[in-house]
Amino acid sequence: MSDLNGLFEQKIQVINLGLPAFYKDLQHQEIPVVQVDWNPPARGNKKLQSLLGKLKK
Amino acid sequence: MEIDLERANQQAIEKIQGGNPILKGIGIAGEVVPGMDEKLILHAGPPVDWENMSGPTRGAVIGALIYEGLAAGATEAEELAASGEIKFEPWHEHNGVGPMAGVATSSMPVWIVENTQFNTEAYCTFNEGLGKVLRYGAYAPEVIDHLKWMETELAPILKETLANLDKPLNLKSLIAEALEMGDETHNRNRAATSLLYRKLTPALLETSFKTEQKKQVLEFIDSNDHFFLNLSMPAAKAMIMAAENIDGCSIVTTVARNGTETGIRVSGLGDRWFTAPAPVPEGLLFSGYSKEDSCADIGDSTITETVGLGAFSMAASPAIVKFVGGSVEDAFNFTRKMYEICDAESENFKVAPLDFRGAPTGINLLKICELGITPQINTGIAHKDPGIGQIGAGLVQAPMECFEKALEAFVEKYAE
């Protein structure tokens with residue numbers, strides 16, 4: 001926990017995965033941030049995930 | 001069924017990369033297109049009946065029936081089209097492609113493109129120019145007169161022109177060169193048309209026709225930046241045909257729209273269509289029109305995207321955003337994003353602004369479903385009502401539903 005506290009005492013540089021809203025919020029606060037365009041497999045669509053899984057057996 | 005997916009896809013990629021489309025010649029659809037007859041009308045996209053046809057497709061059918069002399073006017077043409085006497089089938093099921101409504105009938109002249117490496121042959125009608133033209137659903141008397149001129153003057157002159165060439169035009173080389181000159185050969189064909197003009201003119205001047213007739217043909221080609229589109233499309237079709245029907249292959253071999261539905265086909269699933277309602281493109285509309293006037297996505301020209309051209313090569317064609325909308329950065333990003341759903345980079349078509357990286361090629365159904373990224377398309381926009389014509393150009397994405405249905409069928413065939 002103490003390490004985590006220390007993190008926020010430093011100048012923060014962020015790599016944001018996924019939701020762009022977090023990226024935009026940090027940008028507004030002028031915190032250096034890089035956005036990585038990431039989505040869960042099949043964008044979270046369970047049916048497609050299951051179908052794709054059958055081909056990977 | 002036991003399959004080696006990776007190997008099957010690799011085989012398809014090799015077929016696409018190795019394709020060598022050349023301009024073999026010009027013929028009459030009824031004489032050269034397989035299965036063509038006088039009562040058959042070919043159209044763009046997946047199968048559709050008269051009742052469900054989009055406005056532009058209906059308009060083009062009306063025009064085609066008048067052109068063929070099967071109907072005297074629009075009312076008679078509509079009655080005939082609804083009577084069941086006329087058959088409607090996709091161009092794709094007859095080894096061809098048609099831009100926008102893509103309507104073709106037996107008397108129309110067609111380009112014949114041969115993929116000499118894999119012995120496939122593809123067909124496409126001639127490009128009529130922009131504005132009020134049959135492919136956008138216009139059927140006024142001047143549209144029909146123009147089609148007749150294409151049949152009786154343009155086609156014979158160009159046919160003799162091609163016969164005068166020392167060797168057939170290599171379309172792969174010409175497209176590759178046009179890409180380096182800022183085309184993507186779907187919605188920007190200015191460089192490709194210019195290159196074609198340069199190649200054809202000396203041979204055209206040697207034909208036996210009158211000077212006035214030759215001049216008219218040269219002026220027509222010169223005035224129509226999209227003239228080459230109807231060659232880049234069958235070139236792409238002839239290339240991708242070699243990659244069709246490979247067992248276990250998840251490469252997408254067709255993306256096509258008829259203004260009602262978008263349909264796709266996948267190599268390992270043969271001739272089966274997977275369809276979804278066609279979305280309406282966003283874009284730049286001509287003055288006086290709004291999105292409410294737009295027809296849903298239409299045309300077979302997305303065949304270009306299946307071999308890495310069109311929106312997949314938009315980074316090679318930054319100026320196209322002036323025609324289809326978006327920013328230059330968007331054009332770059334479309335190409336970058338398409339690498340994610342493709343299996344290869346083209347050995348033939350290079351994107352100069354990306355340091356000559358090969359265009360994203362070989363759309364993989366499984367990657368689309370895994371990443372939730374669907375193929376980017378740039379397109380002309382037709383008015384939703386028959387008889388009006390083009391109202392703009394824009395951008396659209398193939399609907400995910402097509403790919404979800406195809407994945408289900410793919411798993412059913414190969415994993416269960």
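Can you give me the ranges of the helices (runs of 4 or more DSSP H) entirely in chain A with at least 1 residues that are under 21 Å from B:GLY372 (Cα atoms) and more than 14 Å from chain B (Cβ to nearest Cβ)?
Numbers: elements: A:2-9, A:20-28, A:46-55.
In chain A, the matching helices (runs of 4 or more DSSP H) lie at A:20-28.
Of the numbered conditions (1) away from chain A (no Cβ under 14 Å); (2) touching a helix residue (DSSP H, G or I) at 6+ places or on another chain (Cβ under 8 Å); (3) not in a helix (DSSP H, G or I), B:VAL321 satisfies every one except a single condition; which is it?
It is condition (3) that B:VAL321 fails.
Checking the condition exposed (fewer than 11 other Cβ atoms within 10 Å of the Cβ) and basic (Lys, Arg), which residue from A:LYS11, A:LYS24, A:LYS47 passes? I'd like the intermediate steps shown before the answer.
Numbers: A:LYS24 fails: exposed (fewer than 11 other Cβ atoms within 10 Å of the Cβ); A:LYS47 fails: exposed (fewer than 11 other Cβ atoms within 10 Å of the Cβ).
Exactly one of A:LYS11, A:LYS24, A:LYS47 is exposed (fewer than 11 other Cβ atoms within 10 Å of the Cβ) and basic (Lys, Arg), namely A:LYS11.
Filter region B:285-329 down to the residues that are of a type in the set (A, V, I, L, M) and open to solvent by 50 Å² or more (accessible area, probe 1.4 Å), then identify the one that is farthest from B:GLY131 (Cα to Cα).
Applying the first criterion (of a type in the set (A, V, I, L, M)) to region B:285-329 yields B:285, B:296, B:298, B:303, B:307, B:309, B:311, B:314-316, B:319-321, B:324, B:328.
Okay, now just the ones that are also open to solvent by 50 Å² or more (accessible area, probe 1.4 Å), so B:285, B:319, B:328.
Details: B:LEU285: 12, B:ALA319: 21, B:VAL328: 26 Å.
For region B:285-329, the residue satisfying everything is B:VAL328.
Please pick out the residue among B:LYS413, B:LYS384 that is farther than 27 Å from B:GLY102 by Cα and open to solvent by 20 Å² or more (accessible area, probe 1.4 Å). Walk me through it before giving the result.
On the way: B:LYS384 fails: farther than 27 Å from B:GLY102 by Cα.
Exactly one residue qualifies, and that residue is B:LYS413.
Which number in (1) modelled with pLDDT under 95; (2) over 21 Å from B:MET314 (Cα atoms) marks the one condition that B:THR379 misses?
(2)
Would region B:374-383 turn up any residue that is without any contact (Cβ under 8 Å) to a residue 24 or more places away in the chain, in the same structural domain as B:ALA319 (by TED's automatic domain parsing) and more than 30 Å from A:LYS54 (Cα to Cα)?
Checked region B:374-383: no residue is without any contact (Cβ under 8 Å) to a residue 24 or more places away in the chain, in the same structural domain as B:ALA319 (by TED's automatic domain parsing) and more than 30 Å from A:LYS54 (Cα to Cα).
Residue by residue through region B:243-284, note down the ones that are outside any loop (DSSP other than H, G, I, E, B), out of contact with any strand residue (DSSP E or B) (no Cβ under 7 Å at 6 or more places or on another chain) and either of a type in the set (Asp, Glu) or open to solvent by less than 10 Å² (accessible area, probe 1.4 Å) (or both). Before you say what the answer is, go through the steps one by one.
Keep residues of region B:243-284 that are outside any loop (DSSP other than H, G, I, E, B), which gives B:251-258, B:261-269, B:274-277, B:282-284.
From the residues that got through so far, the ones that are out of contact with any strand residue (DSSP E or B) (no Cβ under 7 Å at 6 or more places or on another chain) too are B:268-269.
Of everything in region B:243-284, just one residue is outside any loop (DSSP other than H, G, I, E, B), out of contact with any strand residue (DSSP E or B) (no Cβ under 7 Å at 6 or more places or on another chain) and either of a type in the set (Asp, Glu) or open to solvent by less than 10 Å² (accessible area, probe 1.4 Å) (or both), namely B:GLY268.
The values are calculated or read from the model by the stated rules, or taken from the named source; none is laboratory data. Bear in mind the structure is a predicted one, so any value in this text is a computation, not a measurement. Please note: Cβ atoms are built from the backbone with ideal geometry, for glycine as well, and neighbour counts cover all protein chains shown. We work out accessible area using only protein heavy atoms, side chains counted, and drop any ligands, DNA or RNA first. Shrake-Rupley method; radii C 1.70, N 1.55, O 1.52, S 1.80 Å.
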